[in-house]
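The values are calculated or read from the model by the stated rules, or taken from the named source; none is laboratory data. If you're wondering where the values come from, they're calculated on a predicted model, not measured in any experiment. Using ideal geometry, Cβ is built from the backbone for each residue, glycine included, and neighbour counts are taken over all protein chains shown.
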Amino acid sequence: MAESSGDFGVWDDEETRALMAIVKNLKVKYKKVRHHNENSGAGRVTCPFYDILHALWKDDPSIRPRFTVDSMGGSDADNGEGGAGEGSAFLTLVRRHAQTKKDQQEARYQEEPEHAQVKRDTVRTHMRTRYQDKLQTDLTKFKQWINDASPLLQPDMPPLFHTTHGPVQPIKDEVFQCLYHQTSDNMTTMTKQALEVILANMIVVLERRFPEQLYGTYSNRKQKHVWKEKYDERHKKQQEEREEHLNTRAADHAKAVQKKDMQEKKRTVLETHGGPALTPADCPANLVCVYAPTLQATSEAKDQFYEQLDKAVQEIPTSEHIFVLGDFNARVGADNEITIRPKRLHHTKKKGQPRIDVSKTSLPNKNQKFLERLEESLNISQTQDAEHMWESLSKTIHRAAVQTYGKKERKNTDWFEAHISMLEPIIDLKRKALLSYKQNPSSQNLQALKAVRHKAQQTSRRCANNYWLLLSERIQFASDSGNIRKMYEGIKQATGKPIKKCAPLKASNGEILTDKDKQMARWVEHYLELYSTENSVSQDVLDNIEDLPVIAELDAEPTLEELSKAIDSMQSGKAPGEDNIPAEVIKCGKPVLLKPLHELLCLCWKEGQVPQSMRNSKIITLYKNKGDRTDCNSYRGISLLSIVGKVFAKVVLRCLQVLADRVYPESQCGFRAQRSTTDMIFSVRQLQEKCREQQRPLYIAFIDLTKAFDLVSRRGLFQLLQKIGCPPQLLSIIISFHEDMQGVVSYDGETSEPFAIRSGVKQGCVLAPTLFGIFFSLLLNFAFGHSTQGVHLHTRSDGKLFNLARLRAKTKVRTVLIRELLFADDAALSVHVEHELQQMLNQFAHACREFALTISIKKTVVMGQDVPKPPVITIGPEVLEVTDHFTYLGSTVTSNLSLDKEIDRRIARAAGVMTQLGARVWDNNHLTLNTKLKVYRACVLSTLLYGSESWTTYARQENRLESFHLRCLRRILGISWKDRIPNTTVLERSCSLSMHLLLCQRRLRWLGHVSRMKDGRIPKDILYSELATGKRPVGRPALRFRDVCKRDLKLTDIDPTSWEQIAADRNRWRHEVSAGLAKGQSKRKKQLEERRQRRKERQQPQNSSDFICPNCGRDCHARIGLQSHMRSCQIQSATII
C-alpha cells in the first residue's frame, strides 16, 4: 500500500487488487459525504487533477500543467479550462469527446442500416485489436504520469481542494462517474482499471494527510468520532496486512536463498570429486531408501524409524520431488483404513489372457498373416498327452491371433463409435476451421467453416444411415429365418443397452449384503448349493428302462470331415472361455489348425479324456427381469466355455443325436431341427378350437420344473445313456466333459476362486440340450409308459383341409393321442376329464421324484375350458392354482379362446419398443425414411405379431392392430391427424401393407409350412383332424382357424380346393402369396375409396325440428336451446345493425 511519500512506481496485480479493495471500502463513506454536500448546497469543486487526467487522456504532453504549490492551492490561473462555476475541463472535454463519438456512430448506422453479419464482426474485431494495441501505450503513459505526480504528494503539500461554500467534496465521485458513465464506450477495460488505481491512491493520501478538512465539517461530533474510529481501525488493519505480506515475501526470499546455497554446495561437492557440474534440472528428484523394522521389532523401534523417516522427508524442500523406496515389512489387508486408495484392495484371481479383436477377421490380408504366423510357430510333439498338447496349441493360437488381429477394445454400441475412424478426420477439420474463423473472422474463413460443417453433417448422416440400415437388415433376416435369439439381440442393440447396476443381494439368512466381497461370497455359496449336491436316479427307474442294443459304430474315431463340418457350424460372436480363443479365430485358421485339432481330438478319443480347460466354465449372472433382484434365484447363470471344447462337443453331438432319436417323443420341439415355439403355441390353440367345436371339456396343466437343467443327476444320466445303447468310448468322452468340472463366478468385473460342479448338465455346452432331452424323455416314458390318457384325434394327411367329411371315412383315418406338449422343460398336459389329469400329475410327480427333479408348485397352474366347475388338482398336499389365462412360450392362452388379452399384451410390448426407439431412430434426422421403416418392421412389427401365425382373429381385433400400426406409421412419417391425410395415403407413403394383409401373409406362410411337414408331426395332425368323440352344436360355429385361412385364400385369389399342390413348392407358394397380397391391397384400397366417396355424397338430414332461430336459421332441437341461442343471436344482430 502506498504511503504518504507517494511511492507509485510499482505496478503489479497485487497492488491493483489492494487499491481496488480500498475503493470498495470507501464506497459507503463517500455516499454519506455526497448526501451531506447536496443538503448543504456546496459548490462544485475545482482541482488541477482534472487537467492532469485530461492531459493524460488526450495524450498531449504540451498541455500537461505544471505542478506547483500555487496551482495546487486552488488558483484558477493554471487550471487550464477548469473553472469553479462551470466544472472541470476534464469533464467537459471527455463528455464532448464521448458525445462526438456517439453522434458519429449514429450517423454511420443511419447511412448503413443493414450491415451484414460478417462485416459487423470484422469491424468489431478491428476495433478490439486497436484497443488492445493502445493498451500498452496507455499503461506506459500511466506509469510515467504517476512518477511525474509523485513529488506533489509530499507531507508538506497544502490542501488539494478549493471551496467557497461549505464542506469539501472529494474528487472521486465526479471523476468515477465520468469513467463509468461518460467514457465507457471510449476506453478499454485496462484503461479504466489504471485510472481507478490512480484515483484510489489520491484518495488514500487525502484521507491520511487531511482528515480534519475531510471530516471536520460535520456538526454531529458523535458521528465524527464514529468515522474516525472506522478510519483508524481500517488503517491499522491495512498496516498489519502489509507487514504480514512483507514478512511472507522475506520468508520466501530466505527459502529461495537457502535452496540456491544447497544447490551450490552440491555442485561444489561434485566438482571437488571430479564429477561434472550439475544443474537443478539434472537433479529432479530426491530418493529416500529405507528398510523398516520387521514384525518382531519393538514398538519403540518402529516409532523411532518413522520419526527418522519423517525428519528426513521434512528436510527436503517442498518444491522438489520425493520418492520413498524400500522394504517396509508391512501387510496391507482389505480392511486397512490407513491404505491411501480410492477403494479397498481386493485380493482376486488374476485375469486371463487379453481378448482378441475378432472384427478384423473379415480382412483377407490379416487372415493370411495369421495363417503364416501359425505355420511358423506350430511345433507340437507327438509324444505329449492331450492336456499338454492342448496347452501348447492354445498358447500358440492365442499368441498368433493377438499379434495379427490385436486386442479387443470396447464394443461399439452406437453408430458414432462404429464409424469413429471415418468421423474423426472430419471433426478435426471442423475444429481447425472454427479456430481459424475465431482468430480471423473474415468472410473467406466463414465460407470455409460452413463448407466443413456441411461436409461433416453429410458424413455423419451417411454413417448413421448405414449403421441403422445394416442393423435393421440383420434383424429382419433373423426374423425371417426364425433365429429368435439373433432377432432379439438386434432389437436390444437398437433400443440401447441399459446401464448395468449391481443390486444388493440377500444372504441365506435374509440379511442384505452391499459389500462386494460378501456379494461374491454369496454367489459362490449359491452355486455351491446348486451344483454341489450329487443327485441320483432310483434303481427302480434303471430296472424299468428297457436295454437297447449298443451302437458300436458310434465308437469310431471322428474323421477330418466331421471336424471340419463342426468348425464351420460354429456360430460367430460367442464369448470364449478361459483360453480366450473365439470361434472366428478357429474358422480363419482352419486351413492350418484342422490337422492339429484332429490329432488332438483323436488323442482325446483314445484317452477318453478332454483337457481340463475344456471342462471348466466361467459363470456370469443375468437377471430374469422378474422376481426379487436381491434373490439369487431370480438370476440365470450363463456358462462361458472353451470354443475348441464346443467344437469337439459338436462332433460328439452327431453321435449323441442318433441315441436321442431312439427315445425322443414327437411332442418334444425344444432344441430340435425345424421346430420352434410356434409349433407348440399353434398346437395348444388348435387343441382348444377342436374341443370347443365339438363341445368337449379340456383340462390343461402347465408344469414348471425347478432348475431342471442344473439338478440332473449326472451318474443317473450316464447310466441311462448306457441303457439306451451308448458305446463305452463315446460314453467316456461324454463323462469326461462333466467329471472334475470346475467353475468360477464373474461378478462386477471380478472373478471368484474356482469351485467344483457335481450336478446338472453342462450349461452352455452343445451337448446339454440333447442330454436333458434324453433324460426328460425317459422320465416321461417312465411316468406314462403305455397310458392312453389324453386327447384322441382322428386325422388324415392326404390334403383337403376344408373337407371335413373325409374324416368320417373308415380308411386312411388315423387316431393320434395328444397328451403332452413339450418345449425343453416346459410341459403342458391335456385331457378331457378332471380325474385323469389328477392321475397324470400324480404319475408325473412320482417320476420326478424318482429322477431327482422337483416341480415348482408356485409356477405350475391348471386351466379348464368349458368345464362345469373349477378343477381341484393337487400335487402331494399342495393344491395347484387355477387360472383363466396363462403365458405359454411367450403367448397368452385363455380359457375362452379370446385373443383380447394376447393382443393387449402384444400392443403394450410393441409400444414399449416404439418408445425406446423414439429419440434414437424416429426423431433422428440422420436416418432416411427407408431405414426407419426397416427398423420399424424388424423391431416393432416382429414384437407386435409374435405368434400371430396361429391367431384366429375377428375384424374388431384386426382393427385394433390396424389402429396401432397406422399410429406408428404416422409417427414415423411425421403426419398428424390435423393434416387430414387418409390411411391409404399413409400406407402408400410408407410402402407398407395394412394389418389385415400382414396377418393374412403370416397365416398363409405358416399354413404352407404345416402342409409341407412330414406325416406324424403334431401341428399337421391337429390341423387336419377332429376329435374322436364329441358333436358339433346346431347353428353357426364359432370362428375357426381353417375359416380364417379360407378367407385369406379368397382374399389373395388362391383356389381353396387346390392350394395344397401350390404349397408343396415353397418358392412357388411364397410367390403366389405375395402376388395375391398385392391384389388384395388394390381391392381393399378401392373399397375404402368407394366407401369414402359414398360418405361424402351422403346428404345431410333435413331440419325437422320446430325450434329454428328466425334470425340465422339454426336448428336448436329444443325450446330451452332456442331461448339460450336467441339471446346471443339478438346481441349479434344488434351489433351488426
Quick check: anything in the stretch 569-581 in a loop (DSSP other than H, G, I, E, B), out of contact with any helix residue (DSSP H, G or I) (no Cβ under 7 Å at 6 or more places or on another chain) and at pLDDT 90 or above?
no
In the set K723, K690, K762, the lone residue that is closer than 30 Å to L841 by Cα, out of contact with any Gly (no Cβ under 9 Å at 6 or more places or on another chain) and either surrounded by 19 or more Cβ atoms within 10 Å (Cβ to Cβ) or free of Cβ contacts under 8 Å to residues at least 24 places away in the same chain (or both) is K762
For the stretch 802-823, the count of residues that are of a type in the set (V, I, T), at pLDDT 85 or above and assigned to a loop (DSSP other than H, G, I, E, B) equals 1
With the first residue restricted to the stretch 235-255 and required to be among the basic types (K, R), and the second required to be assigned to a helix (DSSP H, G or I), Cβ contacts under 9 Å at 6 or more apart or on different chains are R242/A18
Going through the stretch 630-645 in order, the residues found to be hydrophobic (A, V, I, L, M, F, W, C) and either surrounded by 18 or more Cβ atoms within 10 Å (Cβ to Cβ) or touching a helix residue (DSSP H, G or I) at 6+ places or on another chain (Cβ under 6 Å) (or both) are C632, L640, L641, I643, V644
Looking across the stretch 361-375 at residues that are crowded, with 18+ Cβ neighbours inside 10 Å and not hydrophobic (A, V, I, L, M, F, W, C), the single one that is modelled with the highest pLDDT is R373
Scanning the stretch 858-897 for residues that are within 38 Å of the chain's Cα centre (by Cα) and among the small types (G, A, S), the one farthest from Q688 (Cα to Cα) turns out to be G890
So, first residue within 22 Å of A297 (Cβ to Cβ) and of a type outside the set (A, V, I, L, M) in the stretch 311-338, second residue in a loop (DSSP other than H, G, I, E, B) and at pLDDT 60 or above, Cβ within less than 6 Å, six or more apart or across chains; the pairs are F328/A292; N329/A292; N329/T294
Next on the checklist: Given the criteria part of a helix (DSSP H, G or I), more than 20 Å from I1022 (Cβ to Cβ), of a type in the set (A, V, I, L, M, F, W, C) and in contact with a Ser or Thr (Cβ under 9 Å, 6 or more places away or on another chain), does F775 qualify?
Outcome noted: yes
Those residues of the stretch 761-796 which are over 20 Å from L821 (Cα atoms) and more than 35 Å from the chain's Cα centre (by Cα) amount to R796
Reported set for the stretch 974-1001 where residues are in a helix (DSSP H, G or I) and surrounded by fewer than 18 Cβ atoms within 10 Å (Cβ to Cβ) is W977, K978, D979, N983, T984, T985, E988, R989
Screening V592, V610 for residues that are crowded, with 22+ Cβ neighbours inside 10 Å, among the aliphatic types (A, V, I, L, M) and in contact with a helix residue (DSSP H, G or I) (Cβ under 9 Å, 6 or more places away or on another chain) leaves only V610
Residue hits (the stretch 720-750; touching a Ser or Thr at 6+ places or on another chain (Cβ under 6 Å) and not small (G, A, S)) are V744, V745, E750
Those residues of the stretch 414-450 which are part of a helix (DSSP H, G or I) and over 33 Å from the mean Cα position of the chain (by Cα) amount to S436, Y437, K438, Q439, S443, Q444, N445, L446, Q447, A448
Listed by first then second residue, the pairs whose first member lies in the stretch 451-464 and is without any contact (Cβ under 8 Å) to a residue 40 or more places away in the chain, whose partner is assigned to a helix (DSSP H, G or I), with beta carbons under 6 Å and at least 6 positions apart or on separate chains, are V452/L429; V452/K430; V452/A433; A456/I426; A456/K430; T459/I426
Practice prompt. Inspect the stretch 534-541 for any residue being crowded, with 17+ Cβ neighbours inside 10 Å, touching a residue at least 60 places away in the same chain (Cβ under 8 Å) and within 23 Å of N616 (Cα to Cα) and give the result as yes or no.
Written response: yes
If we keep only residues of the stretch 272-315 that are touching a Phe, Trp or Tyr at 6+ places or on another chain (Cβ under 7 Å) and of a type in the set (G, A, S), then the residue modelled with the lowest pLDDT is A285
Among helices (runs of 4 or more DSSP H) entirely within the stretch 633-734, at least 3 residues that are touching a strand residue (DSSP E or B) at 6+ places or on another chain (Cβ under 8 Å) occur in 677-693
When you scan the stretch 605-616, do you find a residue that is in a loop (DSSP other than H, G, I, E, B), closer than 21 Å to G716 by Cβ and touching a Cys at 6+ places or on another chain (Cβ under 8 Å), even just one? no
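Residue by residue, here is whether (1) of a type in the set (S, T, N, Q); (2) surrounded by 18 or more Cβ atoms within 10 Å (Cβ to Cβ); (3) out of contact with any His (no Cβ under 6 Å at 6 or more places or on another chain) holds:
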{"position": "L880", "(1), (2), (3)": "no, yes, yes"}
{"position": "S891", "(1), (2), (3)": "yes, yes, yes"}
{"position": "R905", "(1), (2), (3)": "no, no, yes"}
{"position": "A910", "(1), (2), (3)": "no, yes, yes"}
{"position": "Y936", "(1), (2), (3)": "no, yes, yes"}
